[in-house]
Structures are given as C-alpha cells and as structure tokens.
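Asks: Starting off with a structure, shown below.
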Amino acid sequence: MKPIIGVTASMEVDGMEYKMNLRNIRAIEQTGGIPVILPYYHDYQDIEALLDKIDGLYLPGGYDIDPSLFGDSPHPKLGIIIPERDRLENEVISYFLDKDKPILGVCRGCQILNVVTGGTMYQDLDTQYTGQLIQHTQKAAFHHRSHSVNITPSSLLGNLVQATEIKVNSFHHQANRTLGKDFMISAVAADGVMEAFESKIHRFVLGVQWHPEGLVNLSDDRSLAIYQGFIQACK
C-alpha cells in the first residue's frame, strides 16, 4: 500500500475553511504518497488515533509564525499569523519526532519545524538580518529559479539531490536564525541565510526554505528527488 502522508493546511484569520495549494498535493501524489489534510482538532488526544495511521508528515508554506513560540515580541513587519495552525503543527511535529516518523517541511513548514524543535527565527529578514541580502521574495513566476543555494555534500539533502549547488525559487520574508539541539544546517544562500536543515538523529527530518513543489511538475529532477526520498522513507 502507498504511504499515507498527513498534510497541514492554512486558514484565513476569520475563515472557517481550510486552504491548500494544489501543488503540494500533486507533488506527494506524483511521487507515490496518499495525501490526507489534517484537521484543526480541539482535543489533541483524539488526533493521536489518526496520527498512528499516518506514515509521514508534510508541512507546506503559508502565513507567518507567532513569535511568542520562540520567545519574541511581534516585530512591526510581522505578517498574518494563524495561532490554531501553530498549535496543531506543534502537536503533530512533536508526535512524529517522538515516533521517528519522516517529516518534510517547505518554506513556512521549514520554519515551524525549526521553532518546535527549539530554534529561533528572523521575523523579517530585511530589517533584522545584519548582512547584505539577496532577494528572497522573488518578483517572478512561482516556477522561476531565482537564486542558488550551497548544499553540504554529506547531508541528507546532498545525498538526495546529488549536488553541492542548485537553483531554487524563493518566496519568504522570514527565515530560520538558530537551530535546536540535534539539528544541522544543510544548505545556505549566497548571503548566508539558512536555506535547509535536517535532523542528526532521526531517519528523515528535513526542512527546505524554498518551494520544491512548484518545480516538481517541470520535471526538475532534484526537486523530484526530495519528494521521492521523503516518500521512500515513509514506506
């Protein structure tokens, strides 16, 4: 049977419906997984019965993250936050880490994965990063590869993409700042901004700052390899 992949969804501030970019669903389907959108539960003891049946966790992009989760006050440039989503993802990430089940996070998903595991963030790169930045919120089509990232060859990511440098798309104004214990940086941009990180103690826990789901359907072999590796780990 194909592995079942739990996917967290976004929601508008005052909305009553889930929101999901179809590219995420298609990337999982295309590489052999069955995506299931996880609901925002009020009683998280109940959701464990569902999580037991799920083989992997996929954390897609979305709005900003509540800075109180990493001990910060809201920055003037902080965007929309959805506390219910933060709460759900905190619970399911912790569960999957404890069970050593595979996790893949992209963009916001990469950031919340880092925060839940003890890391910190830049709430706004343009005003908080001390170095000279490249453009991280590209003004181009979603599938355009706007900048390069340098990858640690011996890392999980390096083994998946079989390259030390790839070009990626980029749509973020926040970024990971420091990592929690037992995690390592596996890719950085030319300006030093963290672009990917992974666990040193789990089978497959990977966060990437870009949007590989937007490149998979263009037959981008390296983006495809990230999803294939994730789905394979979930089997």
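The values are calculated or read from the model by the stated rules, or taken from the named source; none is laboratory data. Note that the coordinates shown come from a computational prediction; the quantities given were computed from them, not determined experimentally. Note that each Cβ is placed from the backbone with ideal geometry, even for glycine, and that neighbours are counted across all protein chains shown.
Asks: Using the structure shown, decide if PRO67 is within 22 Å of SER170 (Cα to Cα), in contact (Cβ under 8 Å) with a residue 24 or more places away in the chain and not β-branched (Val, Ile, Thr).
Replies: So PRO67 passes the test.
Asks: If THR120 passes every condition in (1) under 16 Å from the mean Cα position of the chain (by Cα); (2) of a type in the set (S, T, N, Q); (3) within 24 Å of TYR227 (Cα to Cα) but one, which one does it miss?
Replies: The failed condition is (3).
Asks: Among the residues of segment 1-54 satisfying the criterion of being surrounded by 17 or more Cβ atoms within 10 Å (Cβ to Cβ) and hydroxyl-bearing (Ser, Thr, Tyr), which is farthest from CYS107 (Cα to Cα)?
Replies: THR31
Asks: Please pick out the residue among ARG222, ARG177, ARG203 that is in contact (Cβ under 8 Å) with a residue 12 or more places away in the chain and over 26 Å from LYS101 (Cβ atoms).
Replies: ARG177
Asks: Could you tell me which residue of segment 171-182 is farthest from the chain's Cα centre (by Cα), considering only residues that are surrounded by fewer than 16 Cβ atoms within 10 Å (Cβ to Cβ) and either modelled with pLDDT of 95 or more or assigned to a strand (DSSP E or B) (or both)?
Replies: Among those residues, the one meeting the criterion is ASP182.
Asks: Would you say ILE185 is at pLDDT 95 or above, surrounded by 14 or more Cβ atoms within 10 Å (Cβ to Cβ), touching a Leu at 6+ places or on another chain (Cβ under 6 Å) and closer than 23 Å to VAL205 by Cα?
Replies: On the way: at pLDDT 95 or above: yes; surrounded by 14 or more Cβ atoms within 10 Å (Cβ to Cβ): yes; touching a Leu at 6+ places or on another chain (Cβ under 6 Å): no; closer than 23 Å to VAL205 by Cα: yes.
So ILE185 fails the test.
Asks: List the pairs whose first member sits in segment 99-112 and is farther than 18 Å from SER223 by Cβ, whose second member is surrounded by 23 or more Cβ atoms within 10 Å (Cβ to Cβ) and modelled with pLDDT under 95, and whose Cβ atoms are under 6 Å apart, counting only residues at least 6 apart or on separate chains?
Replies: none
Asks: Could you tell me whether TYR129 is touching an Asp or Glu at 6+ places or on another chain (Cβ under 9 Å) and either of a type in the set (Gly, Ala, Ser) or over 21 Å from TYR63 (Cβ atoms) (or both)? Please lay out each step first, then the result.
Replies: Working: touching an Asp or Glu at 6+ places or on another chain (Cβ under 9 Å): yes; either of a type in the set (Gly, Ala, Ser) or over 21 Å from TYR63 (Cβ atoms) (or both): no.
Considered against the rule, which asks whether it is touching an Asp or Glu at 6+ places or on another chain (Cβ under 9 Å) and either of a type in the set (Gly, Ala, Ser) or over 21 Å from TYR63 (Cβ atoms) (or both), TYR129 comes out as no.
Asks: Looking at GLY105, GLY32, GLY79, which one is of a type in the set (Gly, Ala, Ser), outside any strand (DSSP E or B), within 24 Å of VAL168 (Cα to Cα) and in contact with a helix residue (DSSP H, G or I) (Cβ under 8 Å, 6 or more places away or on another chain)?
Replies: Details: GLY105 fails: outside any strand (DSSP E or B); GLY79 fails: in contact with a helix residue (DSSP H, G or I) (Cβ under 8 Å, 6 or more places away or on another chain).
Of GLY105, GLY32, GLY79, the one residue that is of a type in the set (Gly, Ala, Ser), outside any strand (DSSP E or B), within 24 Å of VAL168 (Cα to Cα) and in contact with a helix residue (DSSP H, G or I) (Cβ under 8 Å, 6 or more places away or on another chain) is GLY32.
Asks: Here is a follow-up. Restricting to segment 1-27, what's the tally of residues that are of a type in the set (A, V, I, L, M, F, W, C) and in a strand (DSSP E or B)?
Replies: Number of matching residues: 3.
Asks: Next question, about the same structure. Which one of ASP52, ASP46, ASP100 is out of contact with any Gly (no Cβ under 8 Å at 6 or more places or on another chain) and more than 19 Å from PHE230 (Cα to Cα)?
Replies: ASP46
Asks: Let me ask something else. Select, from TYR95, TYR58, the only residue that is in a strand (DSSP E or B) and of a type in the set (Ser, Thr, Tyr).
Replies: TYR58
Asks: Now for a separate question. Take segment 194-232 and flag every residue that is farther than 26 Å from ILE134 by Cβ, in a helix (DSSP H, G or I) and in contact with a strand residue (DSSP E or B) (Cβ under 7 Å, 6 or more places away or on another chain).
Replies: PHE230
Asks: A follow-up question, please. Under 6 Å between Cβ atoms, which residue pairs at least 6 apart in sequence (or on different chains) link something in segment 31-56 that is within 30 Å of ASN217 (Cβ to Cβ) with a partner that is among the small types (Gly, Ala, Ser) and not in a strand (DSSP E or B)?
Replies: ILE37/ALA9
Asks: Further, regarding this structure: Please give the number of the condition LEU206 fails out of (1) within 13 Å of the chain's Cα centre (by Cα); (2) surrounded by fewer than 19 Cβ atoms within 10 Å (Cβ to Cβ).
Replies: (2)
Asks: Just for segment 42-62: of the residues that are acidic (Asp, Glu) and within 18 Å of LYS101 (Cβ to Cβ), which one is modelled with the lowest pLDDT?
Replies: In this case the residue turns out to be GLU48.
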